[in-house]
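Novice: Got a structure here, written out as structure tokens. Questions coming.
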Amino acid sequence: MIFNQFDEFGNAAWHYNITGNAIEEVFNLVKGKNSQLAAYVSATGSAGTIAAGDYLRTISPFIKVVASEAIQCPTLLRNGFGAHRIEGIGDKHVPWIHNVKNTDLVTAIDDEDAMRIFRLFNEPEGLKYLDSVDIDPVILKRLKCLGISAVSNLLSAIKTAKYYEMTEDDVIITIATDSAEMYHSRIEELRDESGLYSETQAAIDFERRLLGQQYNNLKELSYTDKRAIHNLKYFTWVEQQGKSMEDLEQLWYDRNIWNTMFNQIERWDELINEFNERTGLLRNLEL
């Protein structure tokens with residue numbers, strides 16, 4: 001458990017070392033002769049998961065690290081605000097531990113697209129339609145692994161592929177941070193709001209909301225774009241949380257600080273083991 005996950009570097013360091021290495025293993029399993037790790041897509045959230053992109057750049061220097069958010073609350077895209085229905089992706093501020101310099105592209109997803117594709121993947125008529133267009137049965141069985149924020153990440157990956165004109169040799173990795181198991185009540189709410197889901201609606205959503213995703217509502221970040229996003233940290237973390245201007249500037253200008261933060265887990269492990277020895281915790285567990 002990580003407290004204060006929006007400004008606790010242990011959050012980012014964990015994903016840098018654990019999630020990043022796990023993604024590398026997956027890529028090595030699926031890659032072909034000409035494959036390249038072309039993009040990594042993650043919602044910003046607390047900026048933990050997206051830190052895996054910092055690790056991936058060490059093994060694939062030209063990778064595109066993509067931040068995903070809701071168009072109803074385009075904090076990174078437009079310095080915007082608002083309410084949305086994509087749960088668990090963070091909004092209205094930039095986490096202290098987000099290494100904005102390592103982010104190449106920002107995508108914003110319409111929460112209506114996310115909700116409709118979530119229904120497509122989980123309603124019986126939606127799965128029936130997907131089967132009729134010859135979607136691999138193995139994939140159909142695994143769609144339940146995608147919750148609403150995972151669907152949003154998927155849509156951002158599609159936008160990324162279209163924007164950069166990627167090919168079958170370009171591998172895009174994204175994260176299913178939640179599963180449909182968490183949202184059974186949301187399916188019922190959507191049925192109450194919009195009626196029963198039909199195969200006709202499934203066909204419309206598949207063509208328009210999934211295949212029809214366009215590369216609108218995105219921005220490839222220049223140096224000054226990244227600096228502008230980083231500067232948003234001031235309002236949350238300096239004005240409201242009492243961090244110093246010097247620390248804020250260090251996060252931008254110090255070229256070693258992020259690697260230092262990401263690579264101190266061995267020392268943390270030593271301290272954890274020392275603490276466990278002093279408390280006798282592990283000895284008690286062994287008994």
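Novice: Taking only the range 66-106 into account, find how many residues are in contact with a Gly (Cβ under 7 Å, 6 or more places away or on another chain) and farther than 26 Å from F3 by Cβ.
Specialist: Of the residues in that region, 2 qualify.
Novice: Which residue, of D269, D225, is assigned to a helix (DSSP H, G or I), within 22 Å of K159 (Cβ to Cβ) and of a type outside the set (G, A, S)?
Specialist: Answer to the check: D225.
Novice: Follow-up question, since we're still on this one. Please indicate, with yes or no, whether at least one residue in the range 41-54 is of a type in the set (A, V, I, L, M, F, W, C), assigned to a strand (DSSP E or B) and surrounded by 20 or more Cβ atoms within 10 Å (Cβ to Cβ).
Specialist: yes
Novice: Mind telling me which of the residues G32, G90 ends up being of a type outside the set (V, I, T) and on the phi > 0 side of the Ramachandran plot?
Specialist: G90
Novice: Something else now. Considering only the range 151-169, I want to know if a residue exists there that is under 28 Å from V65 (Cβ atoms), at pLDDT below 95, outside any helix (DSSP H, G or I) and in contact with a helix residue (DSSP H, G or I) (Cβ under 8 Å, 6 or more places away or on another chain).
Specialist: No, every residue in the range 151-169 fails to be under 28 Å from V65 (Cβ atoms), at pLDDT below 95, outside any helix (DSSP H, G or I) and in contact with a helix residue (DSSP H, G or I) (Cβ under 8 Å, 6 or more places away or on another chain).
Novice: Here's something else I'd like to know. Would you be able to say whether some residue in the range 130-140 is at pLDDT below 95 and loosely packed, with under 15 Cβ neighbours inside 10 Å?
Specialist: No: zero hits.
Novice: Answer with yes or no whether H93 is buried (at least 21 other Cβ atoms within 10 Å of the Cβ) and within 30 Å of R78 (Cα to Cα).
Specialist: When the stated conditions are applied, H93 does not pass them.
Novice: Additional query: Only one of R78, R119 is modelled with pLDDT of 95 or more, touching a Leu at 6+ places or on another chain (Cβ under 9 Å) and not polar (S, T, N, Q). Can you tell me which?
Specialist: Testing whether each residue is modelled with pLDDT of 95 or more, touching a Leu at 6+ places or on another chain (Cβ under 9 Å) and not polar (S, T, N, Q) leaves just R119.
Novice: When the residues of the range 25-40 are filtered to those that are buried (at least 18 other Cβ atoms within 10 Å of the Cβ) and of a type outside the set (F, W, Y), which remaining residue is farthest from D91 (Cα to Cα)?
Specialist: L37
Novice: Sticking with this structure for a sec: Determine whether L143 is over 17 Å from A43 (Cβ atoms), of a type outside the set (S, T, Y) and free of Cβ contacts under 8 Å to residues at least 24 places away in the same chain.
Specialist: no
Novice: Yes or no: S152 under 20 Å from the mean Cα position of the chain (by Cα) and without any contact (Cβ under 8 Å) to a residue 40 or more places away in the chain?
Specialist: no
Novice: Considering only the range 180-203, how many residues are over 18 Å from L127 (Cβ atoms) and either touching a residue at least 12 places away in the same chain (Cβ under 8 Å) or hydroxyl-bearing (S, T, Y) (or both)?
Specialist: Number satisfying all stated conditions: 2.
Novice: Could I ask something else about it? Those residues that are charged (D, E, K, R) and assigned to a loop (DSSP other than H, G, I, E, B), I need them from the range 5-30; list them, please.
Specialist: D7, E8
Novice: Is one or more of the residues making up the range 231-244 surrounded by fewer than 18 Cβ atoms within 10 Å (Cβ to Cβ), over 23 Å from the mean Cα position of the chain (by Cα) and either on the phi > 0 side of the Ramachandran plot or at pLDDT below 95 (or both)?
Specialist: Checked against the condition, which is being surrounded by fewer than 18 Cβ atoms within 10 Å (Cβ to Cβ), over 23 Å from the mean Cα position of the chain (by Cα) and either on the phi > 0 side of the Ramachandran plot or at pLDDT below 95 (or both), the range 231-244 yields at least one hit.
The values are calculated or read from the model by the stated rules, or taken from the named source; none is laboratory data. Keep in mind the model is a prediction, meaning the values are calculated, not measured. Counting neighbours? That spans all protein chains shown, and the Cβs are built from the backbone with ideal geometry, glycine included.
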